[in-house]
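What follows draws every value from the coordinates through simple rules; no lab data is involved. Just so you know, these numbers come straight off a predicted model, no measurement behind them. Counting neighbours? That spans all protein chains shown, and the Cβs are built from the backbone with ideal geometry, glycine included.
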Amino acid sequence: MEVMDRIQEVIRNTDTPSWVESVPRNFGDPAAGSLKADEWRTMTTIYLPIALISMWGEGTTHATPERASFLRQVLDHTMDLVCAVYLAGMRTSTEARTSAYLYYIKSWLSKLQTLHPESTLRTNAHMAIHVADFLRLFGPIRSWWCFPFERLVGQLQRLPTNSKFG
């Protein structure tokens, strides 16, 4: 629970530019609901790195050296994913950025089951590697992502209705 408390504290206390969509301040609580894809991107690239680096990064203390080493490995592993998400979401796409994305996503996938043995690889892991192909074929993700449509569907789902047509 300590990690979730720290993430919520970072969300509450971090000032972001006005164009950055926020995430629920009570992230992780059932009342917060599910995050949309764009909110996950914000969580991954802003709040999560701040929270985890402040807890597990250079200069932090832990109960044992083994625990400190493990948490640092988890932090480095998480930062591989953060870097991949950041690179994939940039406004412009270059071959160097695409190659860097592929490096970080493969690094993250290669360490996933070592650091988290309870996890299982799913189709999403395979598809994450193909994002590099899509970047090469279609350019920056911003030109073909569906976040605006997802947001619209969410708004439509919240409209009051009596379940009758017309």
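Numbers for the structure displayed
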{"quantity": "Index of the failed condition, Trp145 passing every other in (1) surrounded by fewer than 17 Cβ atoms within 10 Å (Cβ to Cβ); (2) aromatic (Phe, Trp, Tyr); (3) assigned to a helix (DSSP H, G or I)", "calculated": "(3)"}
{"quantity": "Options Thr64, Thr60, Thr45: the member that is surrounded by fewer than 19 Cβ atoms within 10 Å (Cβ to Cβ) and in contact with a Gly (Cβ under 8 Å, 6 or more places away or on another chain)", "calculated": "Thr45"}
{"quantity": "Matching residues, the stretch 127-163, being under 18 Å from Thr78 (Cα atoms) and free of Cβ contacts under 8 Å to residues at least 40 places away in the same chain", "calculated": "Ile129"}
{"quantity": "Which numbered condition Lys111 misses (of (1) within 27 Å of Leu75 (Cα to Cα); (2) of a type in the set (D, E, K, R); (3) in contact (Cβ under 8 Å) with a residue 60 or more places away in the chain)", "calculated": "(3)"}
{"quantity": "Residue that is farthest from Asp38 (Cα to Cα) [pool: residues in the stretch 67-85 that are of a type in the set (S, T, N, Q) and touching a Leu at 6+ places or on another chain (Cβ under 7 Å)]", "calculated": "Gln73"}
{"quantity": "Meets criteria (of a type outside the set (S, T, N, Q), under 30 Å from Leu152 (Cβ atoms) and within 18 Å of the chain's Cα centre (by Cα)) for Glu39", "calculated": "yes"}
{"quantity": "Residues located in the stretch 77-111, provided they are β-branched (Val, Ile, Thr) and over 17 Å from the mean Cα position of the chain (by Cα)", "calculated": "Thr92, Thr94, Thr98"}
{"quantity": "Subset of the stretch 93-130 [of a type in the set (Val, Ile, Thr) and either in contact with a Lys or Arg (Cβ under 9 Å, 6 or more places away or on another chain) or in a helix (DSSP H, G or I) (or both)]", "calculated": "Thr98, Ile105, Thr114, Thr123, Ile129"}
{"quantity": "Unique residue being touching a residue at least 40 places away in the same chain (Cβ under 8 Å) and over 23 Å from Ala125 (Cβ atoms) when the list is Ser69, Ser54", "calculated": "Ser54"}
{"quantity": "Residue match in the stretch 33-42 (condition: basic (Lys, Arg) and out of contact with any Gly (no Cβ under 7 Å at 6 or more places or on another chain))", "calculated": "no"}
{"quantity": "Matching residues, the stretch 95-123, being surrounded by 12 or more Cβ atoms within 10 Å (Cβ to Cβ), farther than 23 Å from Ile50 by Cβ and of a type in the set (S, T, N, Q)", "calculated": "Thr98, Ser99, Gln113"}
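Matching residues to (1) in a helix (DSSP H, G or I); (2) over 23 Å from Leu81 (Cβ atoms); (3) not hydrophobic (A, V, I, L, M, F, W, C):
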position	(1), (2), (3)
Val3	yes, no, no
Arg6	yes, no, yes
Glu9	yes, no, yes
Arg12	yes, yes, yes
Ser18	no, yes, yes
Ser22	no, no, yes
Ser34	no, no, yes
Asp38	yes, no, yes
Thr42	yes, no, yes
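The rows are residues; the columns are (1) under 18 Å from Glu2 (Cβ atoms); (2) touching a helix residue (DSSP H, G or I) at 6+ places or on another chain (Cβ under 8 Å); (3) among the charged types (D, E, K, R).
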position	(1), (2), (3)
Thr60	yes, yes, no
Thr92	no, no, no
Glu95	no, yes, yes
Leu102	no, yes, no
Thr114	no, no, no
Glu118	no, no, yes
Met127	no, no, no
